[in-house]
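Colleague: Handing you this structure, nothing more for now.
The values are calculated or read from the model by the stated rules, or taken from the named source; none is laboratory data. Worth saying up front: this structure is predicted, and the values here are computed from it rather than measured. All Cβ positions, glycine included, derive from the backbone under ideal geometry; neighbour counts span all protein chains shown. The area values use the complete protein model at the heavy-atom level, side chains included, leaving out ligands, DNA and RNA. Shrake-Rupley method; radii C 1.70, N 1.55, O 1.52, S 1.80 Å.
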Amino acid sequence: MFENSQESRTNLSELGEFGLIDHLTKNFSPKLESTIKAIGDDAAVLNFENKQTLVSTDLLIEGVHFDLAYMPLKHLGYKAVMVNLSDIYAMNGTATQVTISIAVSNRFPVEALEELYAGIQLAAKLYNVDVIGGDTTSSTSGLMLSVTALGVAEKDEVVYRDGAKPNDLLVLTGDLGAAYMGLQVLEREKEVFKANPNAQPDLDQYTYLIERQLKPEARKDIAPLLKDLDVKPTSMIDISDGLSSEIIHLCKNSKVGANLFEEKIPLDPAVISVCEEFEIDSTMIALSGGEDYELLFTISQDDYDKIKGNPHLTVIGHMTEENEGMHLVTRANQKLPLIARGWNSMEEKED
Ligand code: ADP
Ligand code: MG
């Protein structure tokens with residue numbers, strides 16, 4: 001969605017590649033001590049002294065990962081940064097810099113890219129990261145956006161996916177399912193709008209869900225919170241695809257099994273009511289919906305007292321020996337095997 005479409009439209013060719021880069025990046029001045037040189041040379045120069053460097057990258061393609069029919073470009077820019085910062089936070093690190101690469105067709109005017117960059121700039125400001133470079137090229141169709149995030153952590157602070165032990169507690173930040181249900185609401189409104197362009201949707205009751213889909217926030221707060229609580233997770237991952245596939249990643253990497261308790265899975269009341277409305281099982285949505293960008297981690301049982309009662313953290317299960325397998329324990333106390341039916345753009349397109 002390009003909100004400025006009624007107003008001025010400057011063709012990309014009017015600025016040219018270098019003019020466009022200058023125009024989009026003129027407001028990015030580096031703030032961090034670790035950024036020695038940002039945009040404007042052949043490479044950025046960083047200095048992390050003796051810390052370990054974390055790097056993560058993601059590629060987003062129009063029509064596969066986002067639909068501009070309901071995704072405002074400013075939100076897309078913001079979300080593209082969040083998705084990457086989330087991966088740095090999932091290593092228990094501090095995000096420090098991002099690079100932004102775009103391939104864009106001349107269907108987009110300069111003003112559209114300004115909106116995209118306004119979202120990127122807002123994310124960089126709120127999350128205290130410097131934009132230190134990127135690449136700009138033309139595409140024959142649509143928009144592609146690749147973000148690379150860098151971060152740092154002390155060597156003994158980094159948390160990998162492979163450290164979970166049997167009997168460790170499985171802990172989740174925030175709540176699940178809202179981003180996926182937000183997408184369902186937006187898809188439905190898109191169909192309604194196609195049928196009747198004059199329909200005025202009343203989306204008030206879905207605000208939380210739509211925000212979680214269009215403007216996700218990465219969990220920058222969790223690494224410092226855990227440090228304050230004096231807890232170091234034994235393993236950690238971020239929830240991009242859905243709870244079950246992330247639990248399976250932790251288990252496979254750590255060579256353990258897991259029991260996940262259905263009754264413990266945190267759901268916002270808005271998720272419960274929209275699932276009733278759509279006649280979908282809310283547990284299924286938590287397990288397989290994606291894009292919540294919460295963190296999932298394991299801690300030693302000895303640390304339970306330190307996290308108990310914290311409003312950001314919920315114990316949802318525990319790890320077991322590998323040969324016990326991975327299970328969902330239902331409210332009716334049935335044990336079902338956990339399967340990864342993760343929300344996955346590949347699977348959707350191959351149908
Ligand atoms: P090069 O010829 O070395 O690829 P460019 O002319 O593409 O250099 O880029 C010039 C500078 O602008 C570099 O510092 C590069 O990192 C930065 N840059 C290019 N495109 C973008 C972009 N889309 N967003 C942010 N920085 C960019
Ligand atoms: Mg270049």
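Colleague: Could you list log10 I(q)/I(0) for the chain at q = 0.07, 0.09 Å⁻¹, which the Debye formula gives when each Cα is one point scatterer?
Modeller: -0.32, -0.53
Colleague: Okay, moving on. What residues qualify as long-range amide H neighbours of TYR70, i.e. H under 5 Å apart, gap of 5 or more or another chain, H built at 1.01 Å from N?
Modeller: none
Colleague: While we're looking at this one, here's another question. Have a look at the range 239-316 and give its Rg and Dmax from the Cα atoms, expressed in angstrom.
Modeller: 13.7, 41
Colleague: Angle between the Cα long axis of helix 269-278 and the longest principal axis of the chain, 0 to 90 degrees, nearest 10?
Modeller: 80 degrees
Colleague: So between MET284 and THR10, what do we pick up on full extension, going 0.36 nm a residue minus the alpha carbon distance? Show your work: numbers first, answer last.
Modeller: On the way: separation 274, 0.36 × 274 = 98.64 nm, distance 4.56 nm.
Full extension of this stretch gives 94.1 nm more.
Colleague: Can you give the angle from 0 to 90° between the axis of helix 73-89 and the longest principal axis of the chain, with both taken from C-alpha atoms, to the nearest 10?
Modeller: Rounded to the nearest ten degrees, it is 40.
Colleague: Let me ask you something else. Taking the 0 to 90 degree range and rounding to the nearest ten, how far is the long axis of helix 110-126 tilted relative to the main principal axis of the chain, both from C-alpha atoms?
Modeller: With rounding to tens, the tilt is 40 degrees.
Colleague: While we're here: According to the Kirkwood expression over distinct Cα-Cα pairs, how big is the hydrodynamic radius of the range 208-261, in Å? Walk me through the numbers on the way to the answer.
Modeller: On the way: mean 1/r = 0.0748 Å⁻¹.
Final number for the Kirkwood radius of the range 208-261 is 13.4 Å.
Colleague: Okay, next question. Ignoring ligands, DNA and RNA, how do LEU32, LEU209 rank by accessible area with a 1.4 Å probe, largest first? Walk me through the intermediate numbers first.
Modeller: On the way: LEU32 35, LEU209 0 Å².
Greatest to least solvent exposure: LEU32, LEU209.
Colleague: For the range 142-147, what does the Karplus curve 6.51 cos²θ - 1.76 cosθ + 1.60, with θ = phi - 60°, yield as ³J(HN,Hα) per residue in whole Hz, taken in order and with x for Gly and Pro?
Modeller: Karplus-based 3J(HN,Hα) across the range 142-147 equals x, 10, 10, 9, 10, 10 Hz.
Colleague: Give the relative contact order (percent, whole number) for the range 168-337; include only Cα pairs under 8 Å separated by 6+ residues. All intermediate terms of the calculation are to be shown ahead of the outcome.
Modeller: Details: 297 pairs, mean separation 71.2, N = 170.
Relative contact order of the range 168-337: 42 percent.
Colleague: Rolling a 1.4 Å sphere over the protein heavy atoms, what is the accessible area per residue of the range 29-153, to the nearest Å²? Walk me through the intermediate numbers first.
Modeller: Numbers: 5090 Å² over 125 residues.
Heavy-atom accessible area per residue stands at 41 Å².
Colleague: Per residue, how much accessible surface does the range 168-337 expose to a 1.4 Å probe? Answer in Å², no decimals. Before the final figure, lay out the partial values.
Modeller: Numbers: 7850 Å² over 170 residues.
Ligands and nucleic acids excluded, the figure is 46 Å² per residue.
Colleague: Multiply the residue gap between HIS23 and LYS190 by 0.36 nm, knock off their C-alpha separation, and tell me the result in nm, one decimal place. Numbers along the way, then the final one.
Modeller: Details: separation 167, 0.36 × 167 = 60.12 nm, distance 3.28 nm.
Full extension from HIS23 to LYS190 adds 56.8 nm.
Colleague: Taking Rh as the Kirkwood radius computed over C-alpha pairs, what is the Stokes-Einstein D of the range 29-153 at 25 °C in a medium of viscosity 0.890 mPa s, expressed in µm² per second?
Modeller: Values: Rh = 14.8 Å.
For these conditions, the coefficient is 166 µm²/s.
Colleague: So what does the Cα-only Debye profile of the range 168-337 read at q = 0.09, 0.17, 0.20 Å⁻¹, as log10 I(q)/I(0), no solvent term?
Modeller: -0.34, -1.03, -1.32
Colleague: Among the trypsin sites (Lys or Arg not before Pro) within the range 237-272, which fall in a DSSP loop and have no more than 14 other Cβ atoms within 10 Å of their own Cβ? Could the numbers behind the result be given before it?
Modeller: Values: sites: LYS252, LYS255, LYS264; in loops: LYS255.
Hits after loop and neighbour filter: LYS255.
Colleague: For the range 234-279, which GluC sites (Glu not before Pro) pass both filters: DSSP loop (anything but H, G, I, E, B) and at most 10 other C-beta atoms within 10 Å?
Modeller: Values: sites: GLU246, GLU262, GLU263, GLU276, GLU277, GLU279; in loops: GLU279.
Taking the range 234-279 and a limit of 10 other Cβ atoms within 10 Å, the loop GluC sites (Glu not before Pro) found are GLU279.
Colleague: If you roll a 1.4 angstrom probe over the protein chains with everything in place, what fraction of the accessible area of the range 168-337 belongs to carbon and sulfur, to the nearest %?
Modeller: Details: 3770 of 7850 Å².
C and S atoms contribute 48 percent here.
Colleague: Above 17 angstrom, tally the Cα pairs of the range 128-186 and express them as a % of all pairs, no decimals. Could you put the intermediate results ahead of the total?
Modeller: Details: 1257 of 1711 pairs.
Result: 73 percent of Cα pairs exceed 17 Å.
Colleague: Mind listing the Cα extents of the range 280-344 along all three principal axes, in Å, largest one first?
Modeller: 35, 30, 24
Colleague: Considering only protein heavy atoms and a probe of 1.4 Å, how much of the accessible area of the range 1-141 is carbon and sulfur, as a whole percent?
Modeller: Working: 3330 of 6940 Å².
Answer for the range 1-141: carbon and sulfur cover 48 percent of the accessible area.
Colleague: While we're looking at this one, here's another question. Set the Förster radius R0 to 41 Å, insert the Cβ-Cβ distance between ASN198 and GLU277 as r into 1/(1 + (r/R0)^6), and round the FRET efficiency to 0.05. Could you put the intermediate results ahead of the total?
Modeller: On the way: r = 23 Å, r/R0 = 0.57.
The pair ASN198/GLU277 has a calculated efficiency of 0.95.
Colleague: For SER13, tell me the accessible area in Å² from a 1.4 Å probe, rounded to the nearest 10.
Modeller: Here the accessible area works out near 90 Å².
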